[in-house]
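**Student:** Got a structure for you, questions after.
The values are calculated or read from the model by the stated rules, or taken from the named source; none is laboratory data. If you're wondering where the values come from, they're calculated on a predicted model, not measured in any experiment. Every residue, glycine among them, receives a Cβ derived from its backbone with ideal geometry; neighbour counts consider all protein chains shown.
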Amino acid sequence: MTSIPPDAHEWVSFDDAGVQRTWMFDVTFLESNWTCIFGHGCQGVLTGPTPELVQGCCSYGAHFTDEADRQRVELAATRLTDDQWQFKKKGAQGTTRVKRNGEIVTRLVQDACIFLNRPGFHRGPGCALHVLAMDNDESYIPLKPDVCWQLPLHRDDEVTDSGHVVTRIGQWERRDWGDGGFDFHWWCTESPDAFVGATRVIDSMRDELIAMAGEDVYTRLLAYVTHRSKLPTRTRLAHPVLRRRD
């Protein structure tokens with residue numbers, strides 16, 4: 001009997017009723033119990049394990065998807081206070097930079113993103129923009145760079161020759177970081193350490209999925225996954241990380 005490929009994922013697709021678009025979702029990942037373990041065992045994305053730095057995936061700064069993304073974050077930065085942001089004074093000199101290849105990224109301070117508060121800061125380590133959201137009881141999605149609030153979800157849009165759009169939303173892989181991703185000592189969607197959440201990704205990342213696909217699409221997706229969850233266990237494929245662990 002042929003064995004299941006070790007990296008196999010199951011996907012579901014359906015058409016958007018309003019536009020020429022087909023949505024594809026990685027239900028293997030969305031049904032998993034992955035959760036962010038920033039500050040709780042995350043080894044970071046450097047070439048060796050560095051949990052003591054508490055940098056998570058912020059070591060190289062954030063890449064902006066477009067100018068609107070950049071402007072939105074720069075506006076949010078003007079709201080940050082000294083109490084919320086360790087590097088506010090440095091931020092006054094600018095929070096973004098343009099790389100030689102033309103990519104726009106957040107500036108680096110002390111070898112990590114300028115928005116990353118470090119261990120020893122009185123508000124604790126973590127994203128200053130996230131602190132702003134918590135202090136004001138608002139969503140962090142409009143405040144952070146797109147790539148930051150979406151991770152570890154990854155959206156890819158492909159336009160066919162006929163103009164039809166195929167949009168895939170799945171887990172962020174090493175290859176999505178470019179060549180440098182293969183140099184990471186550790187990446188969270190590959191580690192059983194991160195598959196310890198109390199809920200499914202489709203539940204814990206509800207707001208992110210709605211922001212990426214819209215509420216109607218999310219509702220249809222949730223209905224499918226809920227129905228799927230009631231089917232016999234043998235009809236569903238566990239996440240590859242969990243299959244390897246077992």
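**Student:** What number of residues within the stretch 94-109 are over 15 Å from ASP69 (Cβ atoms), in contact with a helix residue (DSSP H, G or I) (Cβ under 9 Å, 6 or more places away or on another chain) and hydrophobic (A, V, I, L, M, F, W, C)?
**Tutor:** Selection size over the stretch 94-109: 1.
**Student:** Are there helices (runs of 4 or more DSSP H) fully within the stretch 56-154 with at least 1 residues that are closer than 30 Å to PHE29 by Cα? List them.
**Tutor:** Working: elements: 67-77, 88-91, 128-135, 146-150.
Filter on the stretch 56-154 gives 67-77, 128-135, 146-150.
**Student:** Hey, can you tell me all the residues within the stretch 163-182 that are out of contact with any Phe, Trp or Tyr (no Cβ under 9 Å at 6 or more places or on another chain), on the phi < 0 side of the Ramachandran plot and either surrounded by 15 or more Cβ atoms within 10 Å (Cβ to Cβ) or in contact (Cβ under 8 Å) with a residue 12 or more places away in the chain (or both)? Before the answer, list the steps.
**Tutor:** Applying the first criterion (out of contact with any Phe, Trp or Tyr (no Cβ under 9 Å at 6 or more places or on another chain)) to the stretch 163-182 yields 163-165, 176, 178-179, 182.
If we keep only those that are on the phi < 0 side of the Ramachandran plot too, we end up with 164-165, 176, 179, 182.
Passing the criteria: HIS164, VAL165, ASP176.
**Student:** Also, quick follow-up: Among the residues of the stretch 2-24, are any closer than 24 Å to ASP193 by Cα and touching a strand residue (DSSP E or B) at 6+ places or on another chain (Cβ under 7 Å)? Reasoning before the result, please.
**Tutor:** Here is the first cut: in the stretch 2-24, the ones closer than 24 Å to ASP193 by Cα are 4-11.
Next cut, touching a strand residue (DSSP E or B) at 6+ places or on another chain (Cβ under 7 Å) only: 9, 11.
Checked against the condition, which is being closer than 24 Å to ASP193 by Cα and touching a strand residue (DSSP E or B) at 6+ places or on another chain (Cβ under 7 Å), the stretch 2-24 yields at least one hit.
**Student:** Let me ask you something else. Hey, can you tell me all the residues within the stretch 141-181 that are within 15 Å of GLY56 (Cβ to Cβ) and modelled with pLDDT under 95?
**Tutor:** At the first step, the residues of the stretch 141-181 found to be within 15 Å of GLY56 (Cβ to Cβ) are 144-145, 147-152, 172, 177, 181.
Of everything in the stretch 141-181, those that are within 15 Å of GLY56 (Cβ to Cβ) and modelled with pLDDT under 95 turn out to be TRP177, GLY181.
**Student:** Say whether the condition of being of a type in the set (A, V, I, L, M) and closer than 13 Å to CYS57 by Cβ is met by at least one residue in the stretch 222-229. Give the derivation first.
**Tutor:** Start the filter on the stretch 222-229 by keeping residues that are of a type in the set (A, V, I, L, M), which leaves 222-223, 225.
Next, from what is left, pick out any that are closer than 13 Å to CYS57 by Cβ: none.
No.
**Student:** For the stretch 172-190, which positions are over 11 Å from PRO152 (Cβ atoms) and outside any helix (DSSP H, G or I)?
**Tutor:** Result: GLY178, PHE184, HIS185, TRP186.
**Student:** Of these, GLU10, GLU103, GLU74, which one is among the charged types (D, E, K, R) and without any contact (Cβ under 8 Å) to a residue 40 or more places away in the chain? Spell out the reasoning first.
**Tutor:** On the way: GLU10 fails: without any contact (Cβ under 8 Å) to a residue 40 or more places away in the chain; GLU103 fails: without any contact (Cβ under 8 Å) to a residue 40 or more places away in the chain.
Within the list GLU10, GLU103, GLU74, the selection yields GLU74.
**Student:** From (1) crowded, with 20+ Cβ neighbours inside 10 Å; (2) farther than 28 Å from HIS185 by Cβ, pick out the condition that doesn't hold for THR78.
**Tutor:** Single failed check for THR78: (1).
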